[in-house]
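Here's the structure we're looking at; comments come further down.
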Amino acid sequence: MKIDRALDSRINEIDFDQISFGSHYSDHMFRSEFTNGKWTNSIIEPFGKIRFSPISLVFHYGQAVFEGMKAYKDKNNEVFLFRPKENFKRINRSAKRLEMPSIPEEIFMNGLKKLIDIDRNWIPKYYGKSLYIRPFLIATNGVLSAKPSKNYMFMIISTPADSYYKYPLKVKIEEKYSRSASGGVGFTKAAGNYASSFYPTRLANENGFDQILWTDSSTHTMIEESGTMNVFFLLKKKLITPKANDNILSGITCKSIIDLAKMDNISVEERDLSVSELIEGLKNGELKEAFGCGTAAVINYFEIINYRKTNFRLPYIPENKRISLRLKKMLLDIQHNLSEDPFRWRMHI
Ligand SMILES: *Cc1c(COP(=O)(O)O)cnc(C)c1O
């Protein structure tokens, strides 16, 4: 791997007390090219513009997949990644479904570790804050015919992050639009999944909702995800999350919360959850908590679930009694090296 260091750091341009997500990118980026069936030209270089041919397939047919992960600091400025191998495995699952080449483990992991090491000053040193890392793989050259590209570029960039949402969310059960369909690409982090959710999300925003609660595309009777988060519901003292399938993205935060909850003797069910079961729980008060989770958002509490013009308000639970907050703290404590790491999720950089 070639390393071309930035002559000057831009780190003084950012105020770490008031991070606005995505407004500043760390000094360096990593990239590696796939040409003639081989990965070559791995390099860490100053963050900046890159040139692509206008016929690059990513612009026409959306052959693009990505990941989202974070680096954290502990009290002594030591740096940790959280379950990075899971992101490595998932980007290759996504790549396979989009007919893209898989990224070798040493390219992904070495590029990632070296980049984070070089840009470690960019990781905020506060509980809950982190450096958000975006690995992505795109199709470069093409010949404008609708066939998979022969050339690809894998890149990693990063940006300091606060926690994503700071207030309880109002979510709307969606019965018209879908995020994913059976047999489709909903289980992948394909770029186009996001593009197709922007329009229905804007409509929901205009009606006063922060996020959509997605249901299955064929019947709109089963709960899937919310926005770009997996979802959990505390119903009849059980923590229920829709089981990952090809409509639902298998979130690393979600998997971690399942393990933490089980360790905490909470009974967890990964299963189908219908809209009617959810609405019944809202009506009879047996639904106590509802939240979404993901790397960007960590855990976000829902205060209102809307269904067919009715807003159902979740019961008020004092913060010190909320299971969602307890699990969030357990997760953040592991991520920031404040507690034991029983599942060996941390990777020290
Ligand atoms: C990325 C993503 C998630 C969350 O996954 P994490 O690994 O926890 O960050 C959930 N749903 C969708 C659709 C996603 O793209």
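Only the coordinates and a few stated rules stand behind these numbers; no lab work does. Bear in mind that the values here come from a model prediction, so they are computed numbers and not experimental data. Cβ placement follows ideal geometry from the backbone for every residue including glycine, while neighbour counts extend to all protein chains displayed.
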Whole-Hz Karplus ³J(HN,Hα) for segment 101-108, in order, using 6.51 cos²θ - 1.76 cosθ + 1.60 and θ = phi - 60°, x for Gly and Pro?
x, 7, 8, x, 4, 5, 5, 5
Given springs between every Cα pair under 10 Å in a Gaussian network model of the chain, which of Ile50, Ile334, Ile19 has the largest fluctuation?
Ile50
Diagonalise the Cα gyration tensor of segment 169-335 and give the resulting equivalent ellipsoid semi-axes, square root of 5 times each eigenvalue, largest first, whole Å.
23, 19, 15
Please go through segment 294-349 and write out the trypsin sites (Lys or Arg not before Pro) that DSSP classes as loop and that have at most 15 other C-beta atoms within 10 Å.
Arg308, Lys309, Arg344
Can you tell me, using C-alpha contacts under 8 Å and at least 6 residues apart, the relative contact order of the chain as a whole percent?
18 percent
If you bin every alpha carbon distance in the chain into 10 Å steps from zero, what whole percent lands in each bin?
5, 24, 32, 26, 11, 2, 0
So for the chain: antiparallel DSSP bridges make up what percent, rounded to the nearest 5?
80 percent
Points 7 angstrom from Cα along the Cβ direction at Tyr199 and Lys329: gap in nanometres?
4.5 nm
Can you list which of the trypsin sites (Lys or Arg not before Pro) found in segment 167-197 are DSSP loop residues with at most 14 other C-beta atoms within 10 Å?
Lys176
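Given R₀ = 56 Å, what would the calculated FRET efficiency be for Lys75 paired with Ser145, taking r from the Cβ atoms and rounding to 0.05?
Using R0 = 56 Å, I get an efficiency of 0.50.
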HN-Hα J in Hz across segment 3-12 - Karplus 6.51, -1.76, 1.60, θ = phi - 60°, x for Gly and Pro:
10, 10, 7, 5, 6, 10, 8, 9, 5, 6
Which pairs, out of Lys70/Lys328; Lys70/Lys255; Lys75/Lys255, put more than 18 Å between their alpha-carbon atoms?
Lys75/Lys255
Inter-site label distance for Arg10 and Glu303 at 7 Å from Cα along Cβ, in nm
3.6 nm
Output the pairs from Lys129/Lys189; Lys85/Lys288; Lys129/Lys321; Lys243/Lys283 with a Cα-Cα distance over 26 Å in this structure; if there are none, say none.
Lys85/Lys288
Would segment 94-248 count as rounded, prolate or oblate if I go by the C-alpha gyration tensor, calling it rounded below 1.5 in a/c and otherwise prolate when a/b exceeds b/c, oblate otherwise?
oblate
Non-local amide H neighbours of Ala290 (under 5 Å, H modeled in plane, Pro and chain starts lacking H): which ones?
Leu234, Phe302
As an exercise, identify the chymotrypsin sites (Phe, Trp or Tyr not before Pro) in segment 260-349 lying in DSSP coil whose Cβ has no more than 16 other Cβ atoms within 10 Å.
Tyr316, Phe343
Given the C-alpha centroids of segment 90-163 and segment 222-277, what is the distance between them in whole angstrom?
27 Å
Most exposed first by the Cβ proxy, i.e. fewest other Cβ within 10 Å, how do His348, His336, His220, His28 rank?
His348, His220, His336, His28
How compact is segment 84-175 by the rule of thumb for globular proteins, expressed as Cα Rg over 2.2 N^0.38 Å?
1.40
As a footprinting exposure proxy, order Thr35, Thr140, Thr310 by other Cβ within 10 Å, with the fewest listed first.
Thr310, Thr35, Thr140
Calculate, axis by axis, the spread of Cα positions in segment 2-162 along the three principal axes, and write the results as whole Å, longest axis first.
51, 30, 28
Which ³J(HN,Hα) values in Hz, rounded to whole numbers, follow from the phi angles of segment 221-234 under the Karplus curve 6.51 cos²θ - 1.76 cosθ + 1.60, where θ = phi - 60° and Gly and Pro get x?
10, 10, 6, 10, 9, 10, x, 10, 10, 6, 10, 10, 10, 8
According to a simple spin-label model (label point 7 Å from Cα along Cα-to-Cβ), what is the distance in nm between Phe59 and Lys321?
5.8 nm
If you take the alpha carbon radius of gyration of segment 199-267 and divide it by 2.2 N^0.38 Å, what ratio comes out, to two decimals?
1.24
Given a Förster distance of 56 angstrom, what is the FRET efficiency for Glu105 paired with Glu206, based on the Cβ-Cβ distance and rounded to 0.05?
0.80
